[in-house]
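What follows is a short report on a single structure.
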Amino acid sequence: MMRPIRAACLGTATALAALLACASVAAAATDTGSVHDKGKDRVITLTGRLAQQTRFPVNPGGAPAQGDRTVFRSILFDKNNKEVGETDGTCTTTRVENGGAEECVVTYTLPDGQLTVQGMYFGILNPGPPPSFDNAITGGTGKYDRARGSVHADTIGTGIRRFTIDLDR
């Protein structure tokens, strides 16, 4: 869901959203969209594609800085490449030294309700592919009312992220 502010393209995750790299993105045809029981837990796996992104730098045209903000929207797909929802969120740069870090707040809108997710994303300014991250599910609506758990995001190709949503219920 969350997208890092990167030195090369300075965008957000995402991630949960940022989700994605700054390059053009396509939905992955990986084993996603699955839901399975893990005791009382439920796991949903989706891929995402960046649809919109706007960056609000503290130093326009300059180096990344604390307070840089990115607002984004990504489209979510299941394992059959069917559109099943979206992510909408913001990430704010909190640190530019030691690889950088962002704090992100993201809403996952799914057919049965919404999930709210929040957390840190480290290593955002390091060269190479965006790092994986884990964020906390802080609540939800509809089927996800009072949801708790976590979202794990992996870069699985150029500009493609896999989100593993692990709901504790």
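The values are calculated or read from the model by the stated rules, or taken from the named source; none is laboratory data. Everything numeric here is computed off the predicted structure, so don't read it as measured data. Cβ atoms come from the backbone with ideal geometry, glycine included; neighbour counts cover every protein chain shown. Remember, those area values only see protein heavy atoms, side chains included, never the ligands or the DNA or RNA. Shrake-Rupley method; radii C 1.70, N 1.55, O 1.52, S 1.80 Å.
Scanning the range 71-85 for residues that are within 17 Å of the chain's Cα centre (by Cα) and either open to solvent by less than 10 Å² (accessible area, probe 1.4 Å) or of a type outside the set (Asp, Glu) (or both) yields Val71, Phe72, Arg73, Ser74, Ile75, Leu76, Phe77, Val84, Gly85. Restricting attention to the range 134-151 and to residues that are touching a residue at least 60 places away in the same chain (Cβ under 8 Å) and within 13 Å of Asp168 (Cβ to Cβ), the residue that is nearest to the chain's Cα centre (by Cα) turns out to be Val151. Of all the residues in the range 152-169, those that are more than 12 Å from Pro129 (Cβ to Cβ), open to solvent by 50 Å² or more (accessible area, probe 1.4 Å) and either at pLDDT below 75 or within 11 Å of the chain's Cα centre (by Cα) (or both) number 3. All of Ala136, Ala101 fail the test of being within 22 Å of Arg69 (Cβ to Cβ), among the small types (Gly, Ala, Ser) and touching a Phe, Trp or Tyr at 6+ places or on another chain (Cβ under 7 Å), apart from Ala101. Of all residues in the range 111-133, those that are modelled with pLDDT under 95 have Cβ atoms under 8 Å from Cβ atoms of residues that are open to solvent by 80 Å² or more (accessible area, probe 1.4 Å) and part of a strand (DSSP E or B), 6 or more apart or on another chain, in Pro131/Phe122; Phe133/Phe122. Residues of the range 88-143 that are more than 21 Å from Arg49 (Cα to Cα), buried (at least 22 other Cβ atoms within 10 Å of the Cβ) and touching a Leu at 6+ places or on another chain (Cβ under 6 Å): Gly100, Gly140. Scoring Ala51 on the criteria (1) closer than 25 Å to Arg148 by Cβ; (2) in contact with a strand residue (DSSP E or B) (Cβ under 6 Å, 6 or more places away or on another chain); (3) at pLDDT below 90 leaves a single failure, condition (1). Could we say that Ala29 is farther than 28 Å from Asp168 by Cβ, in a strand (DSSP E or B), at pLDDT below 95 and aliphatic (A, V, I, L, M) here? Considered against the rule, which asks whether it is farther than 28 Å from Asp168 by Cβ, in a strand (DSSP E or B), at pLDDT below 95 and aliphatic (A, V, I, L, M), Ala29 comes out as no.
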